Amino acid sequence: MTDLVEELKKQQKLYSDKKKEIEYLNIYTPDYVSSAKGSYLDFADQIKIFTSDLANYHQTDLDLTSTLVHENGHDEVAHVYHLGMGPKELYKVAQCDEISQNIRSLLYQRNEYLRTGDIKTLDSVDGRFSFYKEAVEKGEISPILSSQDKESFDKEMSLIMNGTMDMWNKKFNPYYKTQLDLLTKEYIARVGEKAQPNPKNYNKAINEMLTIGGVNFNKYRQQDFTCDSELAKDLTELIETGEKEDIAYVQKEFKKEVSTIPTEKVKWRDRRKGYVSKYDTSAREELKASSGTIVEDLGNGKSYEIDYTQTPETKEIPDLSDDEFIKQPTKESKLAERLQELRGLKSGEKSIGGGAASLLNKNRFIANDIQMQKAINDKIKYARC
Amino acid sequence: MSDNFIDSLSSEEKAVFLKSLIFMIKIDGKIDDAERQMAHDLVSIYKLENCGDILKNIGSKEELLSEILRTVKDRKKAILLIRELLIIAHIDEDFDEKEMQFIKEVAQKLNIDDRLVLELNQLILDYKLWQFKMEKILEA
């Protein structure tokens with residue numbers, strides 16, 4: 001018989017593998033892998049922000065918080081992936097998720113601009129919000145005026161929505177394709193034949209994701225999300241027209257695939273200080289310490305050493321779910337309108353002083369005039385007597 | 001096998017069980033706060049009076065193995081000791097080789113077949129997996 005210690009080791013290895021399998025099979029909402037600035041791992045309840053002395057990003061607190069707002073946004077809307085919908089719809093919801101998190105970052109930086117008056121707060125290392133900064137510089141939009149004027153507000157919100165969507169489609173969409181495909185596979189692995197198209201749930205998800213800081217950006221959206229994934233299209237066809245057995249087979253295969261999430265393919269691999277986004281469980285366990293060095297196995301006999309320090313957990317994340325985060329002129333004018341109305345000063349058509357009411361007022365004055373005339377006439381009459 | 005097996009142990013047996021478990025906890029030569037707490041908990045679980053001196057004098061592995069052989073005569077209790085050792089080994093996620101080696105030597109001393117040790121170990125691992133899965137599902 002083989003040595004007991006060796007047998008125990010084998011059992012331990014099997015146990016670790018099964019445990020890992022459970023961990024990965026329990027991806028009930030999609031995770032986000034970012035090779036760039038940060039990542040959100042729903043199943044692990046982790047937000048990771050990368051920092052590096054060698055990187056040009058995250059050298060300022062503003063830039064770092066902007067990424068934190070982005071990743072935290074994924075956490076806030078993760079629940080929408082529990083809504084039932086078709087693969088193509090899911091793919092578009094995931095696109096919307098990324099766009100809405102970019103909007104959150106921009107809104108955070110916009111608020112910093114309003115707070116400090118410094119135009120540099122609208123900068124981003126990769127120039128993702130340059131469309132917005134340029135519009136402010138040219139005077140095409142004014143975040144300051146927006147809080148007081150509805151027209152200006154709508155123009156600015158429309159630019160934030162559509163400008164961010166254009167920017168993301170051109171700049172990031174191609175790089176997210178693999179991730180969004182994987183996410184679609186995870187979804188099918190999870191729900192199988194229940195992934196039926198559901199426009200109601202799709203719209204609900206989009207609306208929830210795009211309602212930020214008290215503003216529903218979806219109403220400013222001028223173009224639809226487009227699913228350019230062949231995989232999502234094929235899966236939609238399979239779900240709509242395929243046999244149950246075929247769907248079950250695909251689901252089973254995807255379960256195998258997503259339970260072994262591929263090593264993150266990162267082109268740029270400098271030594272990084274900060275949270276490290278890896279699917280290597282042993283590496284994640286090493287991160288229990290507040291700082292240290294871990295070795296990332298890249299496969300093919302290659303590995304990298306990574307220094308890391310954990311971002312303090314106490315770092316405050318700006319609350320963009322707060323309805324008052326974006327100061328809106330409509331809310332002010334409603335209050336002002338009500339105040340004026342109560343003071344009896346308002347003469348707008350919807351107030352008691354305008355529209356039909358103005359006729360009423362006019363009649364009242366006329367009536368007053370008639371009464372006055374009558375009184376005068378009476379006095380004259382009495383005087384004549 | 002009763003879960004209240006501790007009540008069925010004699011004072012000598014309790015002492016050797018406790019010594020073995022503490023030995024396992026300290027097997028890597030150092031003891032951290034969590035392990036110290038675990039040792040403290042074990043003392044109260046085993047309800048052994050005047051155990052201070054016993055624990056201070058666990059002795060070497062060889063001495064302990066001899067004491068185990070002298071004290072644990074009942075086969076059922078021998079199996080229970082192996083189970084206790086395996087459970088302690090699996091309390092954290094780090095069942096290391098020194099712990100495995102110690103369990104192997106205890107099992108050999110008590111004439112417990114390797115296959116039985118493996119069965120017991122598998123039972124504990126299955127239970128841990130079941131527990132882990134349930135926590136995941138319940139999002140605990």
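Please treat every number below as a calculation from the coordinates, not as lab data. Source: prediction; values computed, not measured. Here the Cβ is made from the backbone with ideal geometry for all residues, glycine too, and neighbour counts use every protein chain on show.
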With x for Gly and Pro, the residue-by-residue ³J(HN,Hα) of segment B:16-22, computed from phi through the Karplus equation 6.51 cos²θ - 1.76 cosθ + 1.60 at θ = phi - 60° and given in whole Hz, is 6, 4, 4, 4, 4, 5, 5
Label model pair A:Glu324, B:Asn57: point-to-point distance (7 angstrom along the Cα→beta-carbon line) in nm is 7.2 nm
What helix-only [θ] at 222 nm does chain B give? Using -39500 (n - 2.57) per DSSP H run of at least 4, over all residues, to the nearest 500, the answer is -23000 deg cm²/dmol
For A:Gly38, other-chain or 5+-apart residues with amide H closer than 5 Å (H placed, Pro excluded) are A:Phe50
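Taking all pairs of different Cα atoms in segment B:5-137, averaging 1/r and flipping that mean, what Kirkwood radius in angstroms comes out? Intermediate values should be presented prior to the final figure.
Numbers: mean 1/r = 0.0652 Å⁻¹.
With all distinct Cα pairs of segment B:5-137 included, I get 15.3 Å.
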